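Worksheet for the structure shown next.
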Amino acid sequence: MGICRAYLATTAAVSTMLASQTGAAPNPGLADAVRAADQALAKTGCLDKNLDAFVASFEPTGSVMVANAPVATGAEAVRAVFAPFFALPGFHCGWEPTKVEVARSGELAYSTGSYTNGYTDPQGKAVEDRGSYLTVWRKDAGGKWRVVFDTFASALPAAKR
């Protein structure tokens with residue numbers, strides 16, 4: 001299944017799952033807390049470039065789905081997906097949540113939004129990308145929102161091979 005279809009299928013599944021669980025959250029501040037967790041994750045990864053803290057933001061069994069690769073589950077697999085990005089010369093990224101939905105239970109949520117990222121290739125040319133992302137969050141026993149599942153899809157045409 002292509003990444004676009006997988007992204008759409010994941011988005012549809014999460015939306016359907018939460019549709020029966022969303023509505024007025026028990027605490028209106030929960031969506032704000034998820035938005036803040038999402039923005040903090042962007043700061044940790046994109047501004048601070050702290051791979052350890054970035055990976056620690058995922059649940060121990062959290063997963064990430066990227067193009068042309070199997071779903072990566074668990075801290076070491078998540079690290080293996082993101083470490084090459086962090087190591088790219090001139091790597092930069094950013095994202096902003098545009099929608100946050102919280103289940104009525106107050107323990108599960110998702111955020112969607114747009115991202116940008118880029119790096120400098122070996123010839124010194126800037127390589128840029130932009131697209132959309134979906135992150136599923138769960139509140140842990142200590143009240144901290146952690147990533148359960150993360151995926152993103154480029155809005156740019158696929159590179160010709």
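Would you check if ARG5 is surrounded by fewer than 12 Cβ atoms within 10 Å (Cβ to Cβ), charged (D, E, K, R), out of contact with any helix residue (DSSP H, G or I) (no Cβ under 7 Å at 6 or more places or on another chain) and at pLDDT below 95? Step through it out loud before you land on a result.
On the way: surrounded by fewer than 12 Cβ atoms within 10 Å (Cβ to Cβ): yes; charged (D, E, K, R): yes; out of contact with any helix residue (DSSP H, G or I) (no Cβ under 7 Å at 6 or more places or on another chain): yes; at pLDDT below 95: yes.
Taking the combined requirement at face value, the residue satisfies it.
Does ASN27 satisfy the condition of being within 30 Å of THR120 (Cα to Cα), modelled with pLDDT under 95 and part of a loop (DSSP other than H, G, I, E, B)?
Spelling it out, it is not the case that ASN27 is within 30 Å of THR120 (Cα to Cα), modelled with pLDDT under 95 and part of a loop (DSSP other than H, G, I, E, B).
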- From the set of residues in segment 128-142 that are within 21 Å of ALA158 (Cβ to Cβ) and small (Gly, Ala, Ser), which is surrounded by the most Cβ atoms within 10 Å (Cβ to Cβ)? SER132
- Just one of PHE82, PHE86 is more than 17 Å from ASP38 (Cα to Cα) and within 17 Å of the chain's Cα centre (by Cα); which is it? PHE86
- Task: Considering each of TYR133, TYR110, TYR119 in turn, give the residue that is among the hydroxyl-bearing types (Ser, Thr, Tyr), within 13 Å of the chain's Cα centre (by Cα) and within 21 Å of ASN68 (Cα to Cα).
- Result: TYR133
- Message: Can you tell me which residue is farthest from ALA42 (Cα to Cα) among those in segment 57-71 that are surrounded by 19 or more Cβ atoms within 10 Å (Cβ to Cβ) and of a type in the set (A, V, I, L, M, F, W, C)?
- Response: MET65
- Item | Residues within segment 30-60 that are in a helix (DSSP H, G or I) and basic (Lys, Arg), tallied | 2
- Kindly establish whether ARG104 is of a type in the set (D, E, K, R), surrounded by 16 or more Cβ atoms within 10 Å (Cβ to Cβ), within 22 Å of ASP32 (Cα to Cα) and touching a residue at least 40 places away in the same chain (Cβ under 8 Å). no
- Message: Looking at segment 54-80, I want the residues that are of a type in the set (Gly, Ala, Ser) and have a partner that is assigned to a loop (DSSP other than H, G, I, E, B) with Cβ atoms under 7 Å, at least 6 apart or on another chain. Which pairs are those?
- Response: SER63/VAL71
- Query: Of LYS49, LYS125, LYS43, which residue is among the basic types (Lys, Arg) and farther than 19 Å from PHE152 by Cα?
  - Reply: LYS125
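The values are calculated or read from the model by the stated rules, or taken from the named source; none is laboratory data. Just so we're clear, the structure is a prediction, and the values are computed from it rather than from any experiment. Every residue, glycine as well, gets a Cβ built from its backbone with ideal geometry; the counts of neighbours run over all protein chains shown.
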